[in-house]
Amino acid sequence: MKVTELARALNTTPDTVRYYTKIGLVTALKSVNNGYKVYNKQAQQRLKFILSARQLDFSVAEISSILVESDKGHAACPLVRKTIEYHLAQTEKQFQAALRLREKLSRAINDWQDKPDKAPTGHMICHLIEGESEGESEGDAQQGENNE
């Protein structure tokens, strides 16, 4: 099957097929008839795995490592489990950080509700934000630095 046919079969774009072919994760053969790249069922199965792994936020490097294990005939599942556990831990950290930010935003909305609007001065652009940062704890300031 050609690039566009493979892309259509897996509900992706031809550029995606070309990308994974270019970086060597999927292999194509050249058609003797017209020189087009053609993909067999193994390439289709491999690309399907890649696309599924990407939906789980696996990086190209992680997918490549998994495919190397598989290509050696080794079980790739232990590496997949280890990778997904890492991603879950990272997602949990991001989720907790988002919850903290949500709480901070909610507090700001409540605190700022009745505060007056003020014109900027030579020392301050918006007292709401600048007044908020003065009240930050050291941990909040450090958290902000880590996000930059």
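Read-outs throughout are calculated quantities, based only on the coordinates presented, and are distinct from any laboratory measurement. Remember, it's a predicted structure, so these values are computed and weren't measured experimentally. Cβ coordinates were reconstructed from backbone atoms using ideal geometry, including for glycine residues, and neighbour counts include every protein chain displayed.
Checking the cross-link pairs Lys22/Lys82; Lys72/Lys93; Lys30/Lys72; Lys48/Lys72; Lys93/Lys118; Lys22/Lys72 against a 29 Å limit on the alpha carbon distance flags Lys72/Lys93; Lys93/Lys118 as lying beyond it. Across the chain, the mean sequence separation of Cα contacts (distance under 8 Å, 6 or more residues apart), normalised by length, yields a relative contact order of 12 percent.
Starting from the Kirkwood radius over alpha-carbon pairs of the chain, derive D by Stokes-Einstein at 37 °C in a medium of 0.692 mPa s and give it in µm² s⁻¹.
The diffusion coefficient I find is 164 µm²/s.
The calculated 222 nm mean residue ellipticity attributable to helices in the chain amounts to -21000 deg cm²/dmol, summing -39500 (n - 2.57) over DSSP H runs of n ≥ 4 and dividing by all residues.
Counting only alpha carbon atoms, the long axis of helix 138-147 and the longest principal axis of the chain meet at about 30°. Computed from Cα positions, the angle between helix 77-112 and the longest principal axis of the chain comes to roughly 30 degrees. Ordered by the count of other Cβ atoms within 10 Å of each Cβ, fewest first, Asp111, Asp71 give Asp71, Asp111.
Of the two radii for the range 3-79, the radius of gyration is 0.98 times the Kirkwood radius, both from the alpha carbons; that is the Rg over Rh value. Rounded to whole numbers, the Karplus 3J(HN,Hα) couplings from phi for the range 5-14 are 5, 5, 4, 5, 5, 10, 6, 9, 9, x Hz, using 6.51 cos²θ - 1.76 cosθ + 1.60 with θ = phi - 60°, and x at Gly and Pro. Exposure proxy shown here: for Val17, Val32, the number of other Cβ atoms within 10 Å sets the order, fewest to most, as Val32, Val17.
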